[in-house]
Amino acid sequence: LAVWLMFDMQPANPAAKQQYTVVVDAGHGGIDGGVVAADGTKESDLNLAYALTLGDMLTNCGFSVVYTRKTKGGLYGAATDGFKGRDMRARKQIVVDAAPVLVVSIHMNKYTGSASRRGPQVFYQKGYDDGKAFAECMQRVLNDFTGNAHSALGGDYYMCREMPCPSVICECGFLSNPDEAHLLTDETYRDELCKEILRGIVYYLAD
C-alpha cells in the first residue's frame, strides 16, 4: 500500500496491488559492456546500479521484484560464439518464470548525430498496444522530470517482443553527451530518476 500512498493514489484493491511482480532487467553485462562514455564509464555498470536502485524502491513500495542480473556478469555462460543469444534467452526465461505484470529493461543511450542530445527515452515493441501504452505513460513522466519533449519510440526489440507482459526499454540518458554521462554517475541523480521511473510504473498500473 505504501506505493499508492506515496503518490496520493487509492487502489480499488490494495491487497492485490501489493502482489504485483515487476522484472527489472539490467541490460548487457560481462564481456558485453554496451556503450562506453568518453571517460570510460561502461553502460553495463550504470545499468546495474540503476536497476538495483529501482528494484529497491519498488520493493520498499510493496512490489515483488525479480532481477535478471544482480552482478556485473552476463547470463551467457561461457564467453564463446553466440553468447548474446544465450544471454537474451536466459533473460526471457527469468521473465517467464517470474510471471510479472511488467518488465522494465534499463539501458543507457548514445547518439552519434549530436553530442548535445540528452534525457531519458523509452522504447517499446512496435505493434504491441500494451507495451506502447506503458512506454508512452513512462515517457510522459520522464519528460515532466527533464523538461524534454522526447517521444516513446516503437521498433523491434527482443526484450519487448519476447516478453509475456508489457515491457519497455528505458534508456536513462546519453553517454555520448559528456555532461549527461557525468550526471548519470551521480548517486543523487540516480535516485531522482529511478523515483520517476517508479512513478511511471505506478501511473501505468493505476490506469
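The table below lists the values:
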item: Scope region 33-52; condition of a type in the set (D, E, K, R) and open to solvent by less than 30 Å² (accessible area, probe 1.4 Å); matching residues; result: Glu43
item: Lys132 basic (Lys, Arg), modelled with pLDDT of 95 or more and surrounded by fewer than 15 Cβ atoms within 10 Å (Cβ to Cβ); result: no
item: Some residue of region 109-127 being on the phi < 0 side of the Ramachandran plot, open to solvent by less than 20 Å² (accessible area, probe 1.4 Å) and either out of contact with any Cys (no Cβ under 9 Å at 6 or more places or on another chain) or free of Cβ contacts under 8 Å to residues at least 40 places away in the same chain (or both); result: no
item: Index of the failed condition, Arg118 passing every other in (1) under 17 Å from the mean Cα position of the chain (by Cα); (2) closer than 18 Å to Val168 by Cβ; result: (2)
item: Counted residues, region 152-186 - those being in contact with a helix residue (DSSP H, G or I) (Cβ under 7 Å, 6 or more places away or on another chain) and of a type in the set (Gly, Ala, Ser); result: 4
item: Residue that is under 21 Å from Tyr204 (Cα atoms) and outside any loop (DSSP other than H, G, I, E, B), where the choices are Asp87, Asp144; result: Asp144
item: Qualifying position, being under 17 Å from Gly27 (Cα atoms) and open to solvent by less than 20 Å² (accessible area, probe 1.4 Å), among Met138, Met159; result: Met159
item: Asp81 being open to solvent by 40 Å² or more (accessible area, probe 1.4 Å) and assigned to a loop (DSSP other than H, G, I, E, B); result: yes
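Quick grid of which residues meet (1) more than 25 Å from Ser64 (Cβ to Cβ); (2) of a type outside the set (D, E, K, R):
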site: Met88; (1), (2): no, yes
site: Gln93; (1), (2): no, yes
site: Lys110; (1), (2): yes, no
site: Gly127; (1), (2): yes, yes
site: Phe145; (1), (2): yes, yes
site: Cys165; (1), (2): no, yes
site: Leu184; (1), (2): yes, yes
site: Tyr189; (1), (2): yes, yes
site: Leu198; (1), (2): no, yes
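The values are calculated or read from the model by the stated rules, or taken from the named source; none is laboratory data. The structure displayed is predicted, hence computed values, not measured ones. Glycine gets a Cβ as well: all are built from the backbone with ideal geometry, and neighbour counts include every protein chain shown. Just so you know, the surface numbers come from the protein's heavy atoms only, side chains and all, with ligands and any DNA or RNA stripped out. Shrake-Rupley method; radii C 1.70, N 1.55, O 1.52, S 1.80 Å.
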